[in-house]
Amino acid sequence: MSSERLRLMAVHAHPDDESSKGAATTARYAAEGVDVLVVTCTGGERGDVLNPGYGPAPEGLEAMAAVRREEMAAAAAALGVRQRWLGFVDSGLPEGDPLPPLPEGSFATLPLEEASAPLVAAVREFRPHVMTTYDPSGGYPHPDHIMCHRVSAEAFAAAGDRERYRGLGEPWTPLKLYYNHGFSLARMRAVHDAIVAAGGESPFSDWIDSRQAREVPERQVTTRIECADWFDRRDAALRAHATQIDPEGWFFAVPREVELATWRDEEYELAESRVETTLPETDLFAGIRGTEHAR
């Protein structure tokens, strides 16, 4: 049995994604002594200011990137995690019919090996036992989220192969890869029903209707992490992203007592495991914790 510290790497596309997807989980593990590293693929330079109370938007990509670096630092501090930038440029969310091309040189336009190389280097340096990222759809069809999935899957597969990505550090083989499920339909329905039953107005009504109308398939949930005691840290991290998160908006529209009574978990899908585990799980380190794999 090894006493070495467990390590978790959460890979995200933009600053603020780490606070809206799996934040209470990372805060819980960090508080319990796990070494948690959030990896952010892009600087979020092309993100719009979504908080109506923020004021004038920073002018230009560099100014926005600088603001979002400050927000990310505050969010990481709220969660108690470390954070690393991969240094790619935000691709933006294209709109229109037909969709316009993505900006040249942005994250989602790069060849896979070029985009994956910095993450492979980060995996070999940090040596995570577990990685989390998005499912192949990106969770929603933002090109950077889809690319985040692709580079995460590539790094998980290749970081332990000495013949691949030579010169980027000593090989390291992560043991488990998870997809985080931030807004499952089951969760939204449960919270929605509880709010309505209490006589309140649910922020999820339109979202549920839209998901059902589009027949968005629900992915398998294999792992639930009980993390209600860390919802306050999640909320503090969200508020740190002041350009993106409206403190009066829908993220905070669910009464805390309803949330605590209805849905105390964050959900994950075990995409790949190199250790034996039994489903369903209540720990991302199931099959690793307390074994020879925790090295």
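The values are calculated or read from the model by the stated rules, or taken from the named source; none is laboratory data. Quick caveat, the model's predicted, so the values are computed rather than measured. Cβ placement follows ideal geometry from the backbone for every residue including glycine, while neighbour counts extend to all protein chains displayed.
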* To do: Check off (1) touching a residue at least 40 places away in the same chain (Cβ under 8 Å); (2) closer than 15 Å to His142 by Cβ; (3) outside any loop (DSSP other than H, G, I, E, B) for Ala108 and give me the number that stays unchecked.
  => (1)
* Could you grab me the full set of residues in the range 228-252 that are surrounded by 14 or more Cβ atoms within 10 Å (Cβ to Cβ) and among the hydrophobic types (A, V, I, L, M, F, W, C)? => Ala228, Trp230, Phe231, Ala236, Ala237, Leu238, Ala240, Ala242, Ile245, Phe251, Phe252
* **Scan of the range 26-67 for residues that are in a loop (DSSP other than H, G, I, E, B), surrounded by fewer than 19 Cβ atoms within 10 Å (Cβ to Cβ) and either in contact with a strand residue (DSSP E or B) (Cβ under 8 Å, 6 or more places away or on another chain) or on the phi > 0 side of the Ramachandran plot (or both), ordered by number** => Gly33, Gly55, Gly60
* For Ala78, are the conditions met, namely being surrounded by 15 or more Cβ atoms within 10 Å (Cβ to Cβ), in contact (Cβ under 8 Å) with a residue 24 or more places away in the chain and under 23 Å from Asp246 (Cβ atoms)? -> yes
* In this structure, is Ala186 surrounded by fewer than 17 Cβ atoms within 10 Å (Cβ to Cβ), touching a residue at least 24 places away in the same chain (Cβ under 8 Å) and outside any loop (DSSP other than H, G, I, E, B)? -> yes
* Asked: Which one is modelled with the lowest pLDDT, of the residues in the range 198-218 that are crowded, with 17+ Cβ neighbours inside 10 Å and of a type outside the set (A, V, I, L, M, F, W, C)?
  -> Arg211
* Structure fact -> Checked Gly92, Gly87 against criteria (assigned to a strand (DSSP E or B), over 16 Å from the mean Cα position of the chain (by Cα) and either closer than 23 Å to Glu18 by Cα or at pLDDT 95 or above (or both)); the one match is Gly87
* Give the range 114-140 a look and list any residue that's of a type in the set (Ser, Thr, Tyr) and either outside the structural domain of Glu104 (by TED's automatic domain parsing) or part of a loop (DSSP other than H, G, I, E, B) (or both), or say none. => Tyr134, Ser137, Tyr140
* Asked: Do we find a residue being in contact with a strand residue (DSSP E or B) (Cβ under 7 Å, 6 or more places away or on another chain), small (Gly, Ala, Ser) and outside any loop (DSSP other than H, G, I, E, B) anywhere in the range 263-272?
  -> yes
* To do: Please work out which residue is farthest from Gly138 (Cα to Cα), limiting yourself to the range 262-293 and to residues that are of a type in the set (A, V, I, L, M) and surrounded by fewer than 19 Cβ atoms within 10 Å (Cβ to Cβ).
  => Val275
* Sole residue being among the acidic types (Asp, Glu), buried (at least 20 other Cβ atoms within 10 Å of the Cβ) and touching a residue at least 12 places away in the same chain (Cβ under 8 Å), chosen from Glu125, Glu113, Glu71 -> Glu71
* Asked: Quick check, is Trp207 assigned to a helix (DSSP H, G or I), in the same structural domain as Thr132 (by TED's automatic domain parsing) and either of a type outside the set (S, T, N, Q) or in contact with a His (Cβ under 8 Å, 6 or more places away or on another chain) (or both)?
  -> no
* Structure fact -> Leu102 meets each of (1) at pLDDT 95 or above; (2) more than 22 Å from Leu175 (Cα to Cα); (3) under 18 Å from the mean Cα position of the chain (by Cα) with one exception, condition (3)
* Asked: Identify, please: which residue in the range 141-170 is touching a Phe, Trp or Tyr at 6+ places or on another chain (Cβ under 9 Å) and in a loop (DSSP other than H, G, I, E, B) and is, among those, surrounded by the fewest Cβ atoms within 10 Å (Cβ to Cβ)?
  -> Gly160
